[in-house]
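Rule-based calculations on the coordinates, nothing more; no lab input. Just so you know, these numbers come straight off a predicted model, no measurement behind them. As a convention, Cβ positions derive from the backbone with ideal geometry for all residues, glycine included, and neighbour counts pool all protein chains shown.
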Amino acid sequence: MIGVPEGSDLKLDVSFESVSEGIWVHGTLEAKAVGECSRCLDEVRQDVAATVQGLFLYPDGERHEGDEEAEDAFEFDGDVIDLEEIVRDAVVTDLPFRPLCDPDCPGLCDQCGARLADDPGHAHEVIDPRWSALQGLTETKES
């Protein structure tokens, strides 16, 4: 429902530190996410500011089975560090599960789909189908 569009600009401010196992990358990113409100389907634009971090293991580095740090480690081929995966992980965890255009967004009418924010008094006369047979008793018959 919401995400950073492909090809949009990101602002990354990262540091690279050499550690014994590989290269530790940490910093921040800023981006603009675009999506739709989960209640009324209007466009939602949201600033994203997330923390980026990850360990890129040297090519000859050893991964230990069951080591928690090894699960959060990424591959480093010795020449290029590909930040795509850690950037994607940081952005996804910072985005709302159900984006809203407004915290008090009333959404859409479940009967006709009308936007309730435009017409707060919007309502439909709904008769419970169990009582519909009795509706004929109140109507007068014309001969």
Rounded to the nearest 0.05, what FRET efficiency do residue 34 and residue 75 give with R0 = 30 Å and r taken as the Cβ-Cβ distance? Could you check? 0.45
Pairs of Cα atoms farther than 13 Å apart, region 74-130, %: 75
Of 38, 132, how do they rank once you tally other Cβ atoms within 10 Å and put the fewest first? 132, 38
Ranked on Cβ counts within 10 Å of their own Cβ, fewest leading, 32, 11 go 11, 32
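If r is the Cβ-Cβ distance from residue 119 to residue 1 and R0 is 25 Å, what FRET efficiency results, to the nearest 0.05?
The formula returns an efficiency of 0.55 here.
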Starting from the Cα of residue 46, step 7 Å along the direction of its Cβ; do the same at residue 92; then give the gap between the two resulting points in nm. 1.6
For the residues 28, 51, what sequence is obtained by ranking on other C-beta atoms within 10 Å, fewest first? 51, 28
Nearest 10 degrees, 0 to 90: what angle lies between the long axis of helix 84-94 and the longest principal axis of the chain (Cα atoms)? 40
